[in-house]
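Only the coordinates and a few stated rules stand behind these numbers; no lab work does. From a predicted model like this one, the values you see are computed outputs, not experimental measurements. Cβ coordinates were reconstructed from backbone atoms using ideal geometry, including for glycine residues, and neighbour counts include every protein chain displayed.
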Amino acid sequence: MTTQGIRWFWYASPQTFFPLAGKIARVCAVLAVIFALAGLYVGFLVAPTDAQQGEAYRIIYIHVPAAWMSMFIYVVMAVWAAAGLALNTRLSFMMVRALAPTGALFTFIALWTGAFWGRPTWGTYWVWGDTRLMTELILLFLYFGVMALQAAIDERRRADRAGALLAIVGVVNIPLIYYSVKWWNTLHQGASVSFTKAPSMAATMFTGMILMALAFWTYSIAVAMVRLRCEIVETQ
Amino acid sequence: MIFPAVKTIVRRDLLLALRRRSDVATALLFFVIVASLFPLGVGAEPNLLRAIAPGVIWVAALLSSMLSLGRLFAADHADGTLEQMLLGAAPLGVVVSAKTLAHWLVSGLPLVLIAPLIALQYDVEAGLYGVLALSLLLGTPVLSIIGAIGAALTLGLRGGGVLLSLLVLPLYVPVLILGAGSVEMAAAGLSPEGQLLLLGAMLIVAAVFAPWATAAALRISSE
């Protein structure tokens, strides 16, 4: 086994990971503040006003990164859940517990900002017929379900494993959210950014969005690490 | 090995249900009562009732099938039969599938059969009964199969019923949308084929994969 391999397993123990988690949390918190300030500056002061939507479009600097994070955190959470069930590591289950509230928060922010964006542009806060909205709402319920299940079971081992299994089952929803704008042509517009082609928006808008996404990402890591430390202190 | 096990479990569960007939009847009555409450709540305007009928019937079916999920493993868990099934030679996934099948025969199939009667109350066109029954026939097994995961996860928990609804109802949403959607499509004079095919596809995928998850959940819950 290589040294790399040994270090991975070295940090798989909650006790040894505890100080590292503190360092990661501090670095990511600082990065998150820097990225957020830069992102908000570019988004609100540098980027031009949208020709069709006016100033209302600027909510995408919060909305789109939050929506990305809501899906991404769920997948990461499910991967940790699978790792926990497969390898039986305590730290993996703690990661599931640490990530779920942040994921739920971003899902809620995505829905909330989406509603406020929808009011001036679509003329309504909420559309029941839209698949993207429905699947995102289901995602919020899935986060709540995982957290509620973990909270309802007193015995910690069973709580962790049951929550992990539910998280894995809920993964079926993620492709539905991602492809909902492609498969069903309902109200929500298609993706403005993709991996395969150039973004269909001004370069400064794109920069602002990416900066905000980085801010949210580092924020999520920082918060998850802090929560992980609490979990470790609570259980060890 | 597998088919005798399925046969035995299905027959046993059906026999148990037959001995406790009131349990079965309660879920069915719940379905009828919920469906009957809507006209009292929203008013007796016939056009409105005709329009909401597919949705109301589907929501009532969903709630009724969710309420009966608690029975799926609870009795076996309480008297220790479940532990024997976990230890037994038959693969747990097969046991779970057989139990789910028996559960659907008792709690899902009656809904399919009685739904046209509710549709009659709502003055739905007679031509739509077939689509409604077919959509329920394809959809209610999916509800039982997915619900079994939630039933296994919440086995033996305090307040398991409310928790179960929180876990299971979000996963039921696609079935509800497709099921009610197929009847609405037919009512609008379009072909409901697309929705029904999707429901069938969901049934196949759920029947193949969900029993694994249920089996894993049962092992977690009875450790």
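Observations on the structure shown:
- Overall dimensions of the stretch A:17-235 by Cα: Rg and Dmax, Å: 18.3, 56
- Computed from the alpha carbon positions, the gyration tensor of the protein assembly as shown leads to an equivalent ellipsoid with semi-axes of 41, 33, 17 Å, biggest first.
- Kirkwood Rh, angstrom, the stretch A:1-135 [1 / mean 1/r, Cα pairs]: 17.8
- Selected from A:MET134, A:MET94, A:MET71 as most flexible by GNM, with chain A as the system and alpha-carbon contacts under 10 Å: A:MET134
- Angle between chain A longest axis and helix A:173-183 axis [Cα atoms, degrees, rounded to 10]: 20
- DSSP H segments from chain B that extend 20 Å or more along their own axis, Cα-based, with Kyte-Doolittle mean of 0.0 or above: B:2-19, B:21-42, B:46-67, B:92-107, B:129-153, B:160-187, B:193-221
- Cα-based equivalent ellipsoid, chain B: semi-axes from gyration tensor eigenvalues, Å: 32, 18, 15
- Cβ-based charge dipole, the protein assembly as shown, positive-most Cα from A:SER13, B:VAL34, A:ALA36: A:SER13
- Remark on A:ASP50: its backbone amide H falls under 5 Å from those of A:TYR57, a criterion applied only to residues 5 or more positions apart or on other chains, H modelled at 1.01 Å from N.
- Sequence of B:VAL183, A:VAL223 once ranked by neighbouring C-beta atoms within 10 Å, starting from the fewest: A:VAL223, B:VAL183
- Between 0 and 90 degrees, the angle of helix A:90-121 with respect to the longest Cα principal axis of chain A falls at about 10 degrees.
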